[in-house]
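Notes for the one structure printed next.
The values are calculated or read from the model by the stated rules, or taken from the named source; none is laboratory data. Since we're looking at a predicted model, the values are computed, not measured. Cβ sites come from the backbone with ideal geometry, for glycine too, and all protein chains shown count toward neighbours. Just the protein is used for accessible areas: all its heavy atoms, side chains included, with ligands, DNA and RNA removed. Shrake-Rupley method; radii C 1.70, N 1.55, O 1.52, S 1.80 Å.
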Amino acid sequence: MTRWTEAALNAFRMQGDELADEVVARLAANLAQSGSVRTLLDSCVANDQVPDSELPTEVRAYFEKTELKLDELLESTLPGQHVFEKFGPEILVILGCYALPASYAATKGVKVLAATGYLGSSPTRRLGETTQMVIDVLSPGGLGPNGKGVRTAQKVRLMHATIRHLLQKPDTDRQPWDVQKLGVPINQEDLAGTLMTFSYLVLDGLEKLGCRLTNAERQSYLATWMAVGRILGVKDALIPASFEEAKELTEIIQKRQTKEDPEDQNVEGRNLMAALLGMYKNSIPGDAMDFFAAGMVRFFLPNDVANRLGVPALSAIEKEVVAVAELVARGLEGDGTEKVRSLVRRFGLDLVQALLLADRGGKRPSFSIPAKLRENWKAIEAAEPPWWVRMWEWLVGLLGQKQHRA
């Protein structure tokens with residue numbers, strides 16, 4: 001018997017986050033105007049330099065109350081943060097090419113992203129915000145008493161409540177939010193589904209890339225994100241207790257929310273996917289690997305899901321390049337797993353470099369990575385192109401000449 005029935009998940013779609021929603025409701029009542037709520041919370045959330053003493057009483061009380069949930073979980077989350085130290089660049093690629101696209105495939109939940117202008121208006125900045133949260137919570141000490149991860153997750157939870165408040169208020173500039181059809185904006189099922197993309201899908205992606213984890217590492221990584229999920233306001237009934245339960249919950253939500261719907265072509269998800277791929281293309285130096293990001297998305301996602309999101313299929317010559325590269329990699333080093341991981345890691349570092357240069361907006365400092373993680377990942381500023389870039393350029397040129405002669 002599953003923990004999560006259709007009836008239960010349908011009910012969760014009508015539930016938001018009572019604690020954070022109450023904070024926003026009180027702010028709205030005090031300020032009388034939703035626009036003022038947006039301005040105030042922008043200053044609380046988008047400005048990292050505001051001291052707690054200057055925050056509204058309701059916000060300070062909210063921060064104190066939601067910090068208390070971590071005490072008993074910290075010990076179990078530390079090994080999970082070590083996984084991020086080891087495989088950080090690969091995890092960031094998985095988040096960008098597996099987790100985010102999977103969330104765009106959820107036809108109901110993605111409408112919140114579209115309604116708020118998430119990603120499409122500034123894909124590098126928006127991806128940077130998501131990545132910064134991941135780095136903050138998974139960095140060593142990030143979930144400790146003075147860690148950045150706790151406050152970052154608390155602010156994200158408050159932003160979610162603000163979005164729920166604003167989307168359900170009458171607005172002449174947009175269509176009313178259809179609660180009966182879509183559920184409450186950023187409802188409990190959507191929160192749980194997003195949490196699974198950050199946790200279970202990452203573990204699944206690492207397995208696909210050949211990054212082997214012990215059972216203890218896998219469980220601790222999951223426990224880390226379940227701790228974060230509690231800070232984000234996910235109800236305990238939607239927090240899996242094991243990897244097997246996380247897999248089960250992920251598959252149930254995906255079956256419910258990503259199935260093909262003749263009445264909903266998921267235009268919002270396709271637009272967000274196009275914006276994300278465009279950002280990746282601009283983030284990879286040169287043009288020899290313009291198709292790599294789309295190839296990675298198709299590597300992780302089922303074909304039917306990738307097709308519905310409009311992810312470009314590889315051309316015949318691109319498939320031939322991939323096939324030859326795989327043969328070369330196998331010849332260089334066993335089955336080529338390490339070479340493929342080297343390629344993925346470099347792509348992850350290229351994305352990190354792009355985010356380091358991006359403007360985060362507001363009064364927030366630039367995208368940052370703790371020095372220890374930079375050293376572990378060996379993030380570099382500028383260097384000679386790695387072996388796979390040089391090999392890829394040679395193969396593309398060679399096969400391009402071959403196609404031209406044909």
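When residue 183 is tested against (1) open to solvent by less than 10 Å² (accessible area, probe 1.4 Å); (2) closer than 22 Å to residue 22 by Cα; (3) of a type outside the set (D, E, K, R); (4) in contact with a helix residue (DSSP H, G or I) (Cβ under 6 Å, 6 or more places away or on another chain), just one condition goes unmet, and that condition is (4).
The set of residues in the range 142-155 being under 13 Å from residue 63 (Cα atoms), surrounded by 20 or more Cβ atoms within 10 Å (Cβ to Cβ) and touching a residue at least 40 places away in the same chain (Cβ under 8 Å) consists of 149, 150, 153, 154. Has the range 289-301 got any residue that is at pLDDT below 90, touching an Asp or Glu at 6+ places or on another chain (Cβ under 6 Å), part of a loop (DSSP other than H, G, I, E, B) and of a type outside the set (Ser, Thr, Tyr)? Within the range 289-301, one or more residues are at pLDDT below 90, touching an Asp or Glu at 6+ places or on another chain (Cβ under 6 Å), part of a loop (DSSP other than H, G, I, E, B) and of a type outside the set (Ser, Thr, Tyr).
Can you tell me which residue is modelled with the lowest pLDDT among those in the range 30-68 that are small (Gly, Ala, Ser) and open to solvent by less than 80 Å² (accessible area, probe 1.4 Å)? Lay out the reasoning, then the answer.
Kept after step one, since they are small (Gly, Ala, Ser), are these residues of the range 30-68: 32, 34-36, 43, 46, 53, 61.
If we keep only those that are open to solvent by less than 80 Å² (accessible area, probe 1.4 Å) too, we end up with 34-36, 43, 46, 61.
Numbers: 34: 54, 35: 57, 36: 61, 43: 60, 46: 59, 61: 88.
Out of the qualifying residues, it is 34.
Every residue, every condition in (1) in a helix (DSSP H, G or I); (2) free of Cβ contacts under 8 Å to residues at least 40 places away in the same chain; (3) over 23 Å from residue 26 (Cα atoms); (4) among the aromatic types (Phe, Trp, Tyr), yes or no:
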position: 169; (1), (2), (3), (4): no, no, no, no
position: 174; (1), (2), (3), (4): no, no, yes, no
position: 184; (1), (2), (3), (4): no, no, no, no
position: 193; (1), (2), (3), (4): yes, no, yes, no
position: 201; (1), (2), (3), (4): yes, no, yes, no
position: 205; (1), (2), (3), (4): yes, no, yes, no
position: 211; (1), (2), (3), (4): no, no, yes, no
position: 216; (1), (2), (3), (4): yes, no, yes, no
position: 219; (1), (2), (3), (4): yes, yes, yes, no
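Against the test of being more than 16 Å from residue 81 (Cα to Cα) and either surrounded by fewer than 23 Cβ atoms within 10 Å (Cβ to Cβ) or not polar (S, T, N, Q) (or both), the options 210, 229 yield a single qualifying residue, 210.
With the structure loaded, tell me whether residue 224 is open to solvent by less than 10 Å² (accessible area, probe 1.4 Å) and hydroxyl-bearing (Ser, Thr, Tyr) or whether it fails that test. Even if it seems obvious, please write down each step before you answer.
On the way: open to solvent by less than 10 Å² (accessible area, probe 1.4 Å): yes; hydroxyl-bearing (Ser, Thr, Tyr): yes.
It is true that residue 224 is open to solvent by less than 10 Å² (accessible area, probe 1.4 Å) and hydroxyl-bearing (Ser, Thr, Tyr).
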